[in-house]
Amino acid sequence: MKTYEAMLLLDNREVKKGWAPLKEQVDAVLRKNGAEIVVAKRWDERKLAFEIKKQRRATYYLAYLKADPESVSTIRHALALTGPVLRHLILTCEEVPSEAYEPEREFEIDKPDPEETTDTAKDGGAKDGGAEGGADVASDALAADGGTGAEATESGDSTPAATESDDAVATDAVATDAEATDAVATDAEATDAEATDGESTGDDATTDKEGE
Amino acid sequence: MAAFRNFKNFTRDAKKTRPEESLDYKNVNYLQQLMSPQHRILSRKRTGFTGRHQRQLMRAIKQARFLALVAYTS
């Protein structure tokens, strides 16, 4: 029998469901595969340096075991197949340190880090601002719609006049458009004439070629 | 020869030192002191450790990296 130190990384979602049953489950896995648990306690709950299985935080579980060297591989295999265990590290140690016998410290799960809170505050503020901006725009649009609707209802009797004036404006606009198109057309004709002048030599050349 | 001696003194940042704390993967704060801002392991030239302690440091940092206590890179 040798002494081993096992550090397990446990999923916080499972820890939230209940610490005692999860601890029992993990200890049962260790015992079932031939390990004798000397001390086992929750080491820390902290933010991970990088995401593991899309988890940013996790709980570290430290256990000191006595087991045969042959059973360590089976323990590793069983831990790999245990759902709540994100990662595990089993190392040999000469003796169990005295610190391991200290009682477990109490701590909150998902305690917000100062960095995280500032980040989330920024994100949330931006999102809220965007939502507020969107709401403002929507309210403005509604107000505009309401205003036009009100004007329409108020000027319900004078709608024919309004349409007439609109039609007159529209015809004026069409006329100006037509003038503009005429001007463009004249310009285009002029350019065509120039082009035909310029191309006349070429045409002659082509006709000459065709004649040949 | 004098220039060579100066060069040697310039390149060596630290004298041979012993680790102030235990080189264990759980001692995260001390391990981070022995890493660069880009989370690279400092060389023996920077740490001043003997070969034995430098190997212990390397192993501890790699174990801490595996358990996401320390970042691999940044």
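The values are calculated or read from the model by the stated rules, or taken from the named source; none is laboratory data. These numbers were taken from a predicted model, which means no experiment stands behind them. When we count neighbours, we look across all protein chains shown, and the Cβ atoms used for this are built from the backbone with ideal geometry, even at glycine. For accessibility, only protein heavy atoms count, side chains too; no ligands or nucleic acids. Shrake-Rupley method; radii C 1.70, N 1.55, O 1.52, S 1.80 Å.
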Return the long-range amide H neighbours of B:THR50 (sequence gap of 5 or more, or a different chain), with a cut-off of under 5 Å between placed amide H atoms. B:THR17
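Taking a probe of 1.4 Å and counting only protein heavy atoms, give the total accessible area buried between chains A and B in Å², rounded to the nearest 100.
The contact between B and A buries close to 1200 Å².
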Spatial separation of Cα centroids for region A:10-34 and region A:53-76, in angstrom: 11 Å
Which order do you get for B:SER22, A:SER71 if you rank them by accessible area with a 1.4 Å probe, largest at the top? B:SER22, A:SER71
Potential extension, A:HIS77-A:LYS32 segment - 0.36 nm per residue separation minus Cα distance: 15.0 nm
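Once you order the gyration tensor axes a ≥ b ≥ c over the Cα atoms, which shape class does region B:21-74 get: rounded for a/c under 1.5, otherwise prolate or oblate by comparing a/b with b/c?
Details: a/c = 1.83, a/b = 1.29, b/c = 1.42.
Judged from the Cα gyration tensor, region B:21-74 comes out oblate (a/c at least 1.5, b/c at or above a/b).
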Potential extension, A:GLU95-A:LYS53 segment - 0.36 nm per residue separation minus Cα distance: 11.8 nm
At a 1.4 Å probe, which residues in region B:20-58 are at least 40 Å² less accessible with all protein chains present than in their chain isolated? B:TYR25, B:LYS26
Label B:TYR30 and A:GLU106 with points 7 Å out from Cα along Cα→Cβ: what is the distance between them in nm? 3.0 nm
At R0 = 25 Å the Cβ-Cβ FRET efficiency linking B:SER74 and B:GLU20, nearest 0.05, sits at 0.55
What are the residues of region A:1-38 that lose 40 Å² or more of accessible area, with a 1.4 Å probe, going from their chain alone to all protein chains? A:MET7
